Structures are given as structure tokens and as C-alpha cells.
Amino acid sequence: MGYMVVRGENKVRIFIDEIAFLIIENPAVSLTGCLLEELINKKIKVIFCDNTHSPLSELVPYYGCYDDARKIRTQIKWTDEVKSLVWEEIVADKIRKQAEHINELGKEEESALIMSYIGQIGNKDSSNREGFAAKVYFNALFGMEFTRSEDNVINAALNYGYSIVLSAFNREIVASGYLTQIGLFHDNMFNHYNLSCDLMEPFRIIVDKEVASLKLVTFDDKVKHELWDVLNRKIKIKGTVQTVLNAIRIYVRSVFEAINENDVSKLSMYTFIGDADE
């Protein structure tokens, strides 16, 4: 009857059309094939967690759009020139948002340094300005001893939040008829989500803000539930206030429009509530 029925201590019915994401947090959960089929047909992203309740995999349909074949042929023919131009815009926007975030925290000197890297971005960011900006940014945000490779609660929370945002991008890219494997910049033969990793870069700052605001001591289920809600946060895009999930859809489609029309002015970047519209 169009409802997902969850049976536990109590039975809960949830209208499937109201679901955007389904996170299966416990590997002991059993699902029916009928439910999985309907979730795929409704283009609902399903994320499966391992026994530590961390995202492990996701359900990706073979077909996401009626003209997948045409879209994929177009994607394969994207030129290095247009991919480079769009990637440079994405990196610049990410760095700009990092600088603005740090500036809000009173780190004006570090913010100015991060902003200076934008003017140094070259072809495909060959000088790795993104990497230099990230080091300054994370040190300013979490302390000089912090590194992204360290095993700690902050990195665990960041990675968890990033994985949720990445899944949202996978959903939109597949729904638009394109392959997540073929990226603009990322080109790892073992990465199924090269394009998603490219496009999500400016949206990482949403997760960064959330994690920084939580003042973490432990990384537990309560923190994970807080991070699930990141996709419901409100931001601005194209002059309208949208949830992060809706903004991702608008942004992803603008990226494809910019690439296919060879016009980076078609890109629609988000801003935080209270920032000036872009």
C-alpha cells in the first residue's frame, strides 16, 4: 500500500514517498526484496552500516534515468579543458567557504591566508592549493596538533558525516543518468565514486561546522544521529532557502549544465543562511 512497515517492539508504518534516505544502522536488520525493489524504484538512497554502526556500503541501482546511455556517452566525451575549468571553480568555492568559516571563529589571519590560495589555483589545481588550504583550515579549526590521518573522535565524526553527504551526491548523479566512477579530477581506478568526491567538496564545510559545534568528547550513537540530520539543515542556493539535500540536487544539475554547455557561469553554489547570495 505504499508504506514501509518496520516491525520491532512496536510496528511503525512510514509512507515511502516521504523518505529520501534510509540508513540501516544494524547488520542484524532483515529487509524484504519487495521493499528494496520499491526503494530503488523511488530513487531512495539506502545506506548499510557495519557492526560498529558506521556506513559500510550503499544500494546503487543499475539505471537511474530514462536516457542513461545518452548521458554516459556525453560524459565520456567531456573535454579535459571544461573539466578543469569546473574543477577550479569547485576548489575555489570550497577554499572560500573554509576561509569564511574560520573567519567566523575569529581566526582572521588564518582566514586571509586561506583566501590567498584561491588566486593561486592553476590548471586542475596542479600546485595543490586545496591541500595547503586544508592544512591551515583544519589546524585553525581543531588545533595545531590535529591531522586528518589521526584516529580520533573528530576524524571519526568528520568521516561519518562526509559519507552521508557522499551518498546524497551518489544518489543525485545516478538519478541524473551519469556515472559516479568517471570524475573531473579524482581518477582512482579503485574508487567507485570519483565524480561524487569531486562535486561534494564545497559541501564538506557543512559537516565541518556541525562537528566543530558539537565539541566532541566521544563519538557515539547520539553524535551519529546528529550527523544524520545534516541533510536537513537549511542553506541558500539560487536565491532560495533549501535543505542541504535539495541544494545538492540543484547544485549537481547545475554542474552538468555547466559542463555540457561549456559555461561555468551556469554553476549554482550554495551559501549559508546570513551570507550574501552568490
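Sequence-distant contacts, meaning Cα pairs under 8 Å at least 6 residues apart, place the relative contact order of the chain at 16 percent. Loop-resident GluC sites (Glu not before Pro) (DSSP state other than H, G, I, E or B) in the range 1-81 with no more than 12 further Cβ atoms inside 10 Å of their Cβ: Glu9.
Heavy-atom surface analysis with a 1.4 Å probe gives the range 156-278 a carbon and sulfur content of 51 percent of its accessible area. Other residues with beta-carbon under 12 Å from the beta-carbon of Arg233 carry, at +1 per Lys or Arg and -1 per Asp or Glu, a net charge of 0. Solvent exposure of the chain, expressed per residue, is 53 Å² of accessible area, with all protein chains present and a 1.4 angstrom probe.
Taking a cut-off of 20 Å between Cα atoms, list the aspartates and glutamates near Lys71, but don't count ones fewer than 8 places away on the same chain. Partners found: Asp80, Glu81, Glu172, Asp187, Asp198, Glu257, Glu261, Asp263.
Taking amide H as placed 1.01 Å from N in the peptide plane, Leu56 has its amide H under 5 Å from the amide H of Phe48, Cys49, Asp50, each at least 5 places away in sequence or on another chain.
Using DSSP, restrict attention to beta bridges with both residues in the range 1-159 and report what percent are antiparallel, rounded to the nearest 5. Mind dumping the intermediate values first?
On the way: 9 of 13 bridges.
Taking every DSSP beta bridge within the range 1-159, about 70 percent pair in antiparallel fashion.
Within the straight-line cut-off of under 28 Å between alpha carbons, the lysines reachable from Lys11 are Lys42, Lys43, Lys45, Lys222, Lys224, sequence neighbours fewer than 8 places apart in one chain being disregarded.
Distance between the 7 Å Cα→Cβ label points at Val29 and Phe15: 2.1 nm.
P(r) tail for the chain, what percent of Cα pairs lie past 29 Å? Above the 29 Å cut-off, the chain has 35 percent of its Cα pairs.
A Förster distance of 41 Å, applied to the separation of the beta-carbon atoms of Lys222 and Ile273, puts the FRET efficiency at 0.95.
The values are calculated or read from the model by the stated rules, or taken from the named source; none is laboratory data. This is a predicted model, so every value here is computed, not measured. For neighbour counting, all protein chains shown are included, and Cβ atoms are generated from backbone atoms with ideal geometry for every residue, glycine included. When the accessible area is computed, the model is the full protein with side chains, heavy atoms only, and any ligands, DNA or RNA have been set aside. Shrake-Rupley method; radii C 1.70, N 1.55, O 1.52, S 1.80 Å.
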